[in-house]
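Read through the structure below, which is laid out as structure tokens, and then see the notes.
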Amino acid sequence: MRGGKNKSGRRAAVRRPGGERDEPKRQERQARQSKAQRGPANVWRRQDAGAKESADDALARAASATVGPGGFVKLGDIPAYRLGRELRNRLYRLANSLDEDERPNLCARLKQAATAVTASLAAGFGEGTFRSAVSRALETRGALYAIQDHLRQAADLGMLGEDEWQALSAQVDDVIKSTNEYLGLLVRERNRLSDQA
């Protein structure tokens, strides 16, 4: 018999040249075992790439997740976030010490960019997808470069001493480096999970 059904209505095994048998149940069992060997599915990607996931299912999956993008459990575990908080606090102190004339202009822009550094990382982590984490980390990096420009402007206008400007610029560079490392980690983790699928 070649691939037909037997008397009980079940699909019969197909004998191939060389004596090999193609048994549907064996194939299903091997597929399940292979899937089990890959380990539990990552909560940050859809379980079945071919199936359309409902919004309720996606929300329930994200709400039950214990690990965020990049493998971090808490937002405070991300080094770029910790360094960004230190920078934000220092920039707020600087902005508050600038001239009254600059409060509506340079101070406001400096505070807004400083807040965006940590707020963007927090939003990307909280949204819970690799895409949003990467997108928000890129926003963070953009805000950091804006901060460098604002600091240069303050130094050019004589509101910031050269030593203080260099120290702040070095701190911004450290946060940029940490943000780039976080971006690299996210991309590597996403690629690793894609390769497992």
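Computed from the coordinates by the stated procedures, all read-outs in this text should not be read as laboratory data. Everything numeric in this text was worked out from a predicted model, so none of it was measured. As a convention, Cβ positions derive from the backbone with ideal geometry for all residues, glycine included, and neighbour counts pool all protein chains shown.
Worth a mention:
- Among (1) surrounded by fewer than 19 Cβ atoms within 10 Å (Cβ to Cβ); (2) touching a residue at least 60 places away in the same chain (Cβ under 8 Å); (3) hydrophobic (A, V, I, L, M, F, W, C) - the single one LEU160 does not satisfy: (1)
- Residue within region 129-139 that is within 18 Å of the chain's Cα centre (by Cα), assigned to a helix (DSSP H, G or I), among the basic types (Lys, Arg) and buried (at least 19 other Cβ atoms within 10 Å of the Cβ) present: yes
- Scan of region 168-195 for residues that are more than 18 Å from the chain's Cα centre (by Cα) and either in contact (Cβ under 8 Å) with a residue 60 or more places away in the chain or more than 21 Å from TYR81 (Cβ to Cβ) (or both), ordered by number: LEU168, GLN171, VAL172, ASP174
- Restricted to region 101-115, and to residues there that are surrounded by 15 or more Cβ atoms within 10 Å (Cβ to Cβ) and aliphatic (A, V, I, L, M), the residue that is nearest to ALA154 (Cα to Cα) is LEU106.
- Enumeration of residues in region 157-197 that are touching an Asp or Glu at 6+ places or on another chain (Cβ under 8 Å) and assigned to a helix (DSSP H, G or I): GLN171
- So LEU151, is it in contact with a Phe, Trp or Tyr (Cβ under 7 Å, 6 or more places away or on another chain) and closer than 21 Å to ARG85 by Cβ: yes
- Taking the criterion of being small (Gly, Ala, Ser) and more than 19 Å from ARG141 (Cα to Cα), the residues of region 68-107 that qualify are GLY68, GLY71, ALA95, SER97.
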